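Heads up, the thing below is written out as C-alpha cells.
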Ligand code: SF4
Ligand code: SF4
C-alpha cells in the first residue's frame, strides 16, 4: 500500500517561509520527457475505468522525496530547544499573544489527498527552519497558561516530537503527517501552499467535483501517479 500510511496526512504548510524557501519548496514543475508518459497512463486509466473525463483532467507535478523514518537526532532536538529558548529575548515589539488560532483555511477538498500523495515534501525545510516557529506562537500558549515559564512552553512544543520522524525532515514530520496540532503550528506551516497545491485549489474552486492527475517525478522517472479527487487518491498504476 504505497499510499496507505499517508491517507491521514495533515502536515502541509500553506505559505512560504521566505521567497528563497518557497523557490526550494515549490513542487509545481513539468519534468522534461515525463509529460507524455503521464498522459499515456492517464489515457489508459480513462479507458480501463470507463471514465472518459479522466483523459482531460488537469495535471500537476510533485517531486519525489525519501520517506525513510528515523529517530530524531539528539543534536537536532537540542538545536530546536536552544532556538526556542532564544526566542524569548527575540520577541519583536509588535508581537503579542496571537497566533494561537490558525488563519482561515483557504484550502479545498483536494488538499489532504494531494499532500498525502506528496508526503510533505515542503516540510523538509522545517528542520533547518525550526518548524518556522516564532515568539508569538509560544507567547500565545503562555497567555493561556498563567504561571508557566518560557521553558515550559518550549518543553510543551518539544513534547510533540515523536519517537521517529522522516529522516532529514522537520522534527515534527511523522509518518502520518505533522505531529503538532494545527493550533501549535507556525503561521507559515498553516498557510503555505506550493504551486501544485495552488493549481489543485484553482481546479477545485472552478468545480468542486473535479479531479487532478498528480505525477511524482524522480530522477527523470515517473515514480508514481494518482487521480486526486475529493474522494481521495486512486493510483494510476501499481
Ligand atoms: S503538495 Fe505541496 S503543500 Fe502539500 S505537502 Fe507537498 S509540497 Fe507541501
Ligand atoms: S511543523 Fe514541521 S512537519 Fe509540521 S507542518 Fe510545519 S514543517 Fe511540516
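The values are calculated or read from the model by the stated rules, or taken from the named source; none is laboratory data. Fair warning: this is a prediction, and the values are worked out from it, not measured in the lab. Every residue, glycine among them, receives a Cβ derived from its backbone with ideal geometry; neighbour counts consider all protein chains shown.
Residues in region 123-158 that are farther than 15 Å from residue 81 by Cβ, near ligand 2 (Cβ under 10 Å from one of its atoms) and touching a helix residue (DSSP H, G or I) at 6+ places or on another chain (Cβ under 6 Å): 125, 132.
Candidates 122, 118: the one that is touching a strand residue (DSSP E or B) at 6+ places or on another chain (Cβ under 6 Å) and buried (at least 16 other Cβ atoms within 10 Å of the Cβ) is 118. Is it true that some residue in region 158-166 is within 14 Å of ligand 1 (Cβ to nearest atom) and under 12 Å from the mean Cα position of the chain (by Cα)? Among the residues of region 158-166, not one is within 14 Å of ligand 1 (Cβ to nearest atom) and under 12 Å from the mean Cα position of the chain (by Cα), which makes the answer no.
Is region 25-37 home to any residue that is assigned to a helix (DSSP H, G or I), modelled with pLDDT under 95 and in contact with a helix residue (DSSP H, G or I) (Cβ under 9 Å, 6 or more places away or on another chain)? Within region 25-37, one or more residues are assigned to a helix (DSSP H, G or I), modelled with pLDDT under 95 and in contact with a helix residue (DSSP H, G or I) (Cβ under 9 Å, 6 or more places away or on another chain). Scanning region 155-175 turns up no residue that is surrounded by fewer than 14 Cβ atoms within 10 Å (Cβ to Cβ) and at pLDDT below 95. Annotation note: Cβ proximity below 6 Å between a residue of region 29-47 that is without any contact (Cβ under 8 Å) to a residue 40 or more places away in the chain and at negative phi and a residue that is surrounded by fewer than 15 Cβ atoms within 10 Å (Cβ to Cβ) and assigned to a helix (DSSP H, G or I) (sequence gap 6+ or interchain) occurs for 43/55; 46/52; 46/55.
What about residue 78, is it out of contact with any strand residue (DSSP E or B) (no Cβ under 6 Å at 6 or more places or on another chain), at pLDDT 95 or above, surrounded by fewer than 17 Cβ atoms within 10 Å (Cβ to Cβ) and assigned to a helix (DSSP H, G or I)? Judged against the criteria, residue 78 is a match. For region 111-122, residues that are in contact with a helix residue (DSSP H, G or I) (Cβ under 8 Å, 6 or more places away or on another chain) and near ligand 2 (Cβ under 8 Å from one of its atoms) total 1. Selection within region 203-238: residues that are touching a helix residue (DSSP H, G or I) at 6+ places or on another chain (Cβ under 6 Å) and within 19 Å of residue 65 (Cβ to Cβ). The member of this set that is surrounded by the most Cβ atoms within 10 Å (Cβ to Cβ) is 228.
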